Amino acid sequence: METLSKLFGSETKVKIMRLFLFNPEHVFGIKEIASRVKSDSSRVRKEMSVLQKIHLVKHRSSGKTNGFIANLQFSHLLPLQNFLINVEPLQSKEIIKRISKLGTIKLIIVAGVFIQEPESRLDMLIVGDNVKKGALENTIKTLESEIGKELKYAHFTTEDFKYRLSMFDKLIRDVLDYPHKKVLNRLPIL
């Protein structure tokens, strides 16, 4: 994210751009944008003004819908989408660092948005013990704010994961049988 924020002027701007590029049909209000990118409303207003001036986003006000939406007519939309979406959202070391703080983590598998596979069932599979649900949700929300997209994830205890693996659980098979990347693997069975 550091390189992109230097390239585009600010981390907030990069997060906002990713939010709109991953959700081109969605109308966002300032408060929702601020919440999703974890920034204050005044900073978001400033960045939205810039993005509106270059026509990347446009204001939409119709009935109960009032906010901003991606401008699908923006002349550089596709190259910008390809660049921001295909640049690795987070480095493996950063993912390990953030998730490992949450408990005794045995396995982290990324797919979906992390490897540019939009059809994946999950973006992240986490296996670990003593993980507090609230802390995991907060970490995922922070990751979502940086990536610009809601993440599909699953967390299993080690025992539950081994059981599901032995039973050929469909979700586990869908993750393991399709493109994915193991960023952390402390399980001898995989």
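No lab work stands behind these numbers, since they all come straight from the coordinates. Just so it is clear, the structure is predicted and the values come from calculations on it, not from any experiment. As a convention, Cβ positions derive from the backbone with ideal geometry for all residues, glycine included, and neighbour counts pool all protein chains shown.
Observations on the model:
- Proximal lysines to residue 38, defined as alpha-carbon separation beneath 21 angstrom and excluding residues fewer than eight positions away on the same chain: 6, 13, 15, 46, 97, 101, 133, 141, 149, 152
- Averaging the Cα positions of each part gives two centres, and for segment 141-156 and segment 39-108 these lie 13 Å apart.
- Full extension of the chain between residue 73 and residue 121 yields a length gain of 14.3 nm, computed as 0.36 nm times the residue separation minus the alpha carbon distance.
- Of the residues 59, 103, 147, the one whose Cα sits farthest toward the positive end of the charge dipole of the chain, with +1 on the Cβ of Lys and Arg and -1 on the Cβ of Asp and Glu, is 59.
- Taking a ≥ b ≥ c as the square roots of the eigenvalues of the alpha-carbon gyration tensor, segment 2-86 is classed oblate because a/c is 1.5 or more while a/b is no larger than b/c.
- Average projection area in nm² (convex hull over Cα atoms of the chain, one quarter of hull surface): 11.8
- With Cα atoms as the point set, the radius of gyration and Dmax of segment 92-185 evaluate to 12.4, 35 Å.
- Length added when fully stretched, residue 65-residue 94, from 0.36 nm per residue minus Cα-Cα: 6.8 nm
- Taking a ≥ b ≥ c as the square roots of the eigenvalues of the alpha carbon gyration tensor, segment 113-155 is oblate, as a/c is not under 1.5 and a/b does not beat b/c.
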